[in-house]
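Written out below as structure tokens is the structure these notes cover.
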Amino acid sequence: MAVAGKVPAVASAVRVIERLAAEWPDAVTPRQLVDELQLNRSTCYNILSTLQSAGWVRSLSDRGGWTLGPRLLTLTGVSRAVALRVMQDEIEDLSRRLGFVVFIAERDGSGGYVVVAKAERRRGVRVTVSVGEYFEFSAPALMNAFHAWSAEEEFDRAVERHQIKQFTPNTLVDLADLHTELKATRQRGYSISLQQFDVAQGGVAAPIFDRHGQVSCVITTLAFASELHEGNVAEIGERVAACAARITQHLGGRPGTR
């Protein structure tokens, strides 16, 4: 049986990945790849661009070079530290653009949520959180983003077990109202909490999905009510949701479909 010949572009891409893997976590410059692998410069950049669009390689800028990308690292089972680094890079960028604190929260096993990564501006009076900070089950923005893609009966059982706390006069506590808000969260792609957790604050949160389409963690931004309000919450919510979608893609997840 005849053996098919190598496809040059694929073979070159494999060589690029192998060269980056040999140096990981350090970066390799494009010049090194061109010289050491004897590639045409244009071909090398085209390969890198294609691999980057798939999340298999990552650019640290031309001077910083290239390294293995988050999706490839996740597919090969690289540790939680890699996922956290991917999330940190994304929330740093989002926080710079919004000017608000942005953080990642995970379920803590007792019904609540714990902050595992954060980014924030470094000046002025601001709403902030700390890594390791705990939020209870019914913190509105977090609860809705975590549970909007769950089965309704699953959410109802969680409410029965943990109860809904009325943080402010604006907090939704009626189960029918909560079901309506969960549906709205799914439709928008992000949750909204305006003066529901604290009368002086507004918040938006969006889910990050794992490879099974389940919510693994949530990205959240908080700001003073004068900064995050009805007038701009849709724009901010879309930015947060877009950031969550990028992280989901980079880490090999797939969006929930409920």
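Figures for the structure shown
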read-out	value
Checklist (1) surrounded by 21 or more Cβ atoms within 10 Å (Cβ to Cβ); (2) among the polar types (S, T, N, Q); (3) out of contact with any Ser or Thr (no Cβ under 9 Å at 6 or more places or on another chain) applied to Ser130, failing item	(1)
Extreme residue, modelled with the lowest pLDDT, among residues of region 198-212 that are loosely packed, with under 15 Cβ neighbours inside 10 Å and within 23 Å of Arg71 (Cβ to Cβ)	Arg211
Residue among Ser53, Ser59 that is exposed (fewer than 13 other Cβ atoms within 10 Å of the Cβ) and over 13 Å from Ala13 (Cα atoms)	Ser53
Identity of the residue in region 168-227, in a loop (DSSP other than H, G, I, E, B) and among the aromatic types (Phe, Trp, Tyr), that ends up farthest from Val129 (Cα to Cα)	Tyr190
Selection status of Ser138, under 13 Å from the mean Cα position of the chain (by Cα), among the hydroxyl-bearing types (Ser, Thr, Tyr) and surrounded by 19 or more Cβ atoms within 10 Å (Cβ to Cβ)	no
Unique match (being farther than 15 Å from Leu72 by Cβ, outside any loop (DSSP other than H, G, I, E, B) and at pLDDT below 90) among Ala4, Ala11, Ala21	Ala11
Qualifying position, being among the aliphatic types (A, V, I, L, M), in a strand (DSSP E or B) and closer than 24 Å to Val199 by Cβ, among Ala105, Ala117	Ala105
Some residue of region 141-162 being closer than 16 Å to Cys243 by Cα, free of Cβ contacts under 8 Å to residues at least 60 places away in the same chain and open to solvent by 60 Å² or more (accessible area, probe 1.4 Å)	no
Search result, residues across region 221-258 that are closer than 22 Å to Val116 by Cβ, open to solvent by 80 Å² or more (accessible area, probe 1.4 Å), free of Cβ contacts under 8 Å to residues at least 60 places away in the same chain and of a type outside the set (Lys, Arg)	Pro255
Filtered residues of region 70-102 (kept if more than 18 Å from Val116 (Cα to Cα), part of a loop (DSSP other than H, G, I, E, B) and modelled with pLDDT of 80 or more)	Gly99
Search result, residues across region 173-196 that are over 17 Å from Gly237 (Cβ atoms) and crowded, with 17+ Cβ neighbours inside 10 Å	Leu178
Evaluation of Val125 against (1) farther than 16 Å from Asp174 by Cα; (2) open to solvent by less than 60 Å² (accessible area, probe 1.4 Å); (3) out of contact with any Ser or Thr (no Cβ under 9 Å at 6 or more places or on another chain); (4) of a type outside the set (Lys, Arg) (one fails), failing number	(2)
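The values are calculated or read from the model by the stated rules, or taken from the named source; none is laboratory data. Please read all numbers here as calculations on a predicted model, not as lab measurements. No Cβ is skipped: glycine too gets one built from the backbone with ideal geometry, and neighbour counts run over all protein chains shown. With ligands, DNA and RNA removed, areas are computed over all heavy atoms of the protein, side chains included. Shrake-Rupley method; radii C 1.70, N 1.55, O 1.52, S 1.80 Å.
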